[in-house]
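Visitor: Sharing a structure here in structure tokens format.
The values are calculated or read from the model by the stated rules, or taken from the named source; none is laboratory data. Owing to the predicted nature of the structure, the values given are computational and were not obtained by experimental measurement. Don't worry about glycine lacking a Cβ; one is built from the backbone with ideal geometry, like all the others, and counts go over all protein chains shown. Only protein heavy atoms, including side chains, enter the accessible area calculation; ligands, DNA and RNA are left aside. Shrake-Rupley method; radii C 1.70, N 1.55, O 1.52, S 1.80 Å.
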Amino acid sequence: MSQAVLEMKNICKEFPGVKALSDAQLTVRKSSVHALMGENGAGKSTLMKCLFGIYSHDSGSILLEGREVRFKSSKEALENGVAMVHQELNQALKRNVMDNIWLGRYPKKYGISVDEGKMLRETTKIFKTLGINVDPRSIMSTLPVSKRQMVEIAKAVSYDAKVIVFDEPTSSLTEAETEHLFRIIDTLKKRGCGIIYISHKMEEILRISDEVTVMRDGAWIATRPASEMTMEEIIRMMVGRELTNRFPQKTNIPGDVRLEVEALSGQYSDISDISFYLRRGEIVGLAGLAGAGRTELLETIFGYAARKSGRILLDGREITNSNPREAIRHGFALLTEERRATGIFGILNIIENMTVSNLKNSRRLGLWLDSGKLWRDTEDKIGALHIKTPSPRTQIRSLSGGNQQKVILGRWLLTNPEILLLDEPTRGIDVGAKYEIYQLIIDLAKSGKSVLMSSSEIPELLGVCDRIIVMSGGRIAGEVAAGDSTQEEIMTLASKFS
């Protein structure tokens with residue numbers, strides 16, 4: 001067995017009111033993929049932030065190639081060969097691809113000006129090695145999330161890293177892009193790199209990992225060879241109990257037609273001539289490959305993206321939803337795909353994030369905000385959604401991704417919506433939290449709410465939805481009944497107009 005490139009021993013980290021890590025440990029070997037598993041809030045991200053210099057651990061030791069290190073910043077970590085591809089991308093969207101890769105370390109010409117030619121050559125060389133098909137001169141904001149993620153991977157490789165952390169790297173990737181990522185990881189392994197792979201997709205973990213470490217409640221639970229583990233064993237270690245069913249039993253019964261969309265086309269997007277209906281108490285899924293137009297459709301219905309033509313009818317009455325404020329007034333809610341960019345207010349606390357869409361119902365005498373009601377509403381949703389947090393006044397950015405997602409869900413539930421538009425509602429969330437969100441969606445539909453849910457995970461759509469609308473190239477390619485369809489049928493339809 002190859003020698004260790006990274007050892008994290010007895011790492012402890014406390015925040016006010018919570019012990020995030022308690023004697024956590026992780027050993028990563030050269031030329032191997034080490035999966036780090038655990039529920040949201042288990043301490044995985046905190047442990048990686050201690051490694052990457054974002055947090056300073058309270059006690060314990062970190063050894064990189066046998067040398068003890070304590071990085072004071074992510075820049076120092078990168079310069080010492082530790083790179084991290086974050087799930088929530090934090091890029092300079094107005095700059096081009098090359099700028100994002102070489103930011104802070106531009107190659108210089110004569111030690112004075114930026115050597116654009118060298119930067120282009122080096123970027124092209126890395127892309128060619130990794131098989132990435134992106135123009136280095138493209139502006140980042142023009143690229144889909146999947147391409148931006150590939151750029152982030154290339155940036156990590158450009159540091160000639162000894163250890164690379166991949167945090168939910170396939171959450172925005174299609175099946176073909178995921179296979180491409182796995183080929184990149186295999187290339188890095190052959191170079192001697194140690195890979196830390198964080199994902200909630202069990203099939204991926206068992207396929208590409210050499211070893212698996214499971215954490216729970218900030219502590220190390222077990223480390224085992226991946227070949228000796230099963231999906232059921234990993235889940236049991238993660239949640240501390242048996243999880244017999246992946247999806248809850250469907251108890252919702254669809255009723256009369258509630259929402260009708262007729263010949264909808266986007267002003268600045270590729271969606272064209274979209275027509276469908278959504279019944280009261282029904283969960284309808286949106287499937288499709290990256291770029292199919294699922295997000296654009298949800299944003300157009302919500303009034304965030306401009307509509308070129310078509311009609312939206314609610315209970316038989318035409319509505320415009322010309323902007324999100326009007327959509328909210330009509331009882332719509334939109335859970336966005338990228339929670340950090342368009343979902344949370346990172347520097348604000350949970351109360352502020354939870355109640356921001358419902359402030360008009362939290363005024364005393366219609367004049368000033370009732371702080372007591374804001375607190376009670378937030379505590380009610382923290383309890384109902386099982387949000388792990390020391391306090392309602394905790395900054396939302398300090399929560400795990402899954403708990404941030406629950407706060408956003410709670411925000412919309414406070415508005416008592418009738419039509420829920422959910423874009424990747426379980427992206428980057430662990431299996432236990434996913435089950436809770438599935439149950440919440442089914443319960444909302446059972447209570448008479450209508451749900452339109454986009455997801456790149458076809459098993460999720462098959463397990464939760466009543467019907468699935470498949471999109472391809474901005475158009476509807478077909479519709480299937482979730483109970484009678486298969487992944488193969490949906491993928492065939494998703495490729496119809498590609």
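Visitor: Of these, 289, 278, which one is in contact (Cβ under 8 Å) with a residue 24 or more places away in the chain and under 22 Å from residue 324 (Cα atoms)?
Guide: Being in contact (Cβ under 8 Å) with a residue 24 or more places away in the chain and under 22 Å from residue 324 (Cα atoms) holds for just one of 289, 278, which is 278.
Visitor: Do we find that residue 217 is open to solvent by 10 Å² or more (accessible area, probe 1.4 Å) and closer than 19 Å to residue 82 by Cα in this structure?
Guide: No, not satisfied.
Visitor: Of all residues in the stretch 23-60 being among the hydrophobic types (A, V, I, L, M, F, W, C) and either assigned to a loop (DSSP other than H, G, I, E, B) or on the phi > 0 side of the Ramachandran plot (or both), which is most open to solvent (accessible area, probe 1.4 Å)?
Guide: Step by step, filter the stretch 23-60, then rank; the result is 54.
Visitor: Within the stretch 113-124, is even one residue out of contact with any Ser or Thr (no Cβ under 7 Å at 6 or more places or on another chain), within 28 Å of residue 424 (Cα to Cα) and without any contact (Cβ under 8 Å) to a residue 12 or more places away in the chain?
Guide: Scanning the stretch 113-124 turns up no residue that is out of contact with any Ser or Thr (no Cβ under 7 Å at 6 or more places or on another chain), within 28 Å of residue 424 (Cα to Cα) and without any contact (Cβ under 8 Å) to a residue 12 or more places away in the chain.
Visitor: Listed residues 135, 99; which is open to solvent by less than 50 Å² (accessible area, probe 1.4 Å), of a type in the set (Asp, Glu) and either assigned to a helix (DSSP H, G or I) or over 30 Å from residue 21 (Cβ atoms) (or both)?
Guide: Result: 99 is the single residue among 135, 99 that is open to solvent by less than 50 Å² (accessible area, probe 1.4 Å), of a type in the set (Asp, Glu) and either assigned to a helix (DSSP H, G or I) or over 30 Å from residue 21 (Cβ atoms) (or both).
Visitor: Output the number of residues of the stretch 420-434 satisfying the condition of being of a type in the set (Val, Ile, Thr) and crowded, with 22+ Cβ neighbours inside 10 Å.
Guide: 2
Visitor: Those residues that are out of contact with any Asp or Glu (no Cβ under 8 Å at 6 or more places or on another chain), surrounded by fewer than 16 Cβ atoms within 10 Å (Cβ to Cβ) and among the charged types (D, E, K, R), I need them from the stretch 328-363; list them, please.
Guide: Listed by number, the residues that qualify are 329, 360.
Visitor: Sticking with this one: Need at least 1 residues that are farther than 20 Å from residue 441 by Cβ per element, so show me which strands (runs of 3 or more DSSP E) inside the stretch 257-329 make the cut, counting only ones lying wholly within it.
Guide: The strands (runs of 3 or more DSSP E) meeting that bar are 257-266, 274-279, 307-314, 317-319.
Visitor: Within the set of pairs 6+ apart or on separate chains, which have a first residue in the stretch 327-351 that is on the phi > 0 side of the Ramachandran plot, a second that is of a type in the set (D, E, K, R) and open to solvent by 10 Å² or more (accessible area, probe 1.4 Å), and C-beta atoms under 9 Å apart?
Guide: 331/418
Visitor: Give the residues of the stretch 133-175 that are β-branched (Val, Ile, Thr) and farther than 11 Å from residue 83 by Cβ, sorted by residue number.
Guide: Scanning the stretch 133-175 gives 134, 139, 142, 145, 151, 170, 174.
To keep it simple, each residue is scored yes or no on (1) surrounded by fewer than 18 Cβ atoms within 10 Å (Cβ to Cβ); (2) out of contact with any Phe, Trp or Tyr (no Cβ under 6 Å at 6 or more places or on another chain); (3) at pLDDT below 85.
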| residue | (1), (2), (3) |
| --- | --- |
| 169 | no, yes, yes |
| 181 | no, yes, no |
| 184 | no, yes, no |
| 194 | no, yes, no |
| 201 | yes, yes, yes |
| 206 | yes, yes, no |
| 211 | no, yes, no |
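Visitor: Name the single residue, out of those in the stretch 474-496 being out of contact with any helix residue (DSSP H, G or I) (no Cβ under 8 Å at 6 or more places or on another chain), touching a residue at least 40 places away in the same chain (Cβ under 8 Å) and surrounded by fewer than 21 Cβ atoms within 10 Å (Cβ to Cβ), that is nearest to residue 300 (Cα to Cα).
Guide: Going through the qualifying residues, I end up with 475.
Visitor: Which numbered condition in (1) farther than 23 Å from residue 74 by Cβ; (2) more than 24 Å from the chain's Cα centre (by Cα); (3) surrounded by fewer than 16 Cβ atoms within 10 Å (Cβ to Cβ); (4) not β-branched (Val, Ile, Thr) is the only one that residue 115 fails?
Guide: (3)
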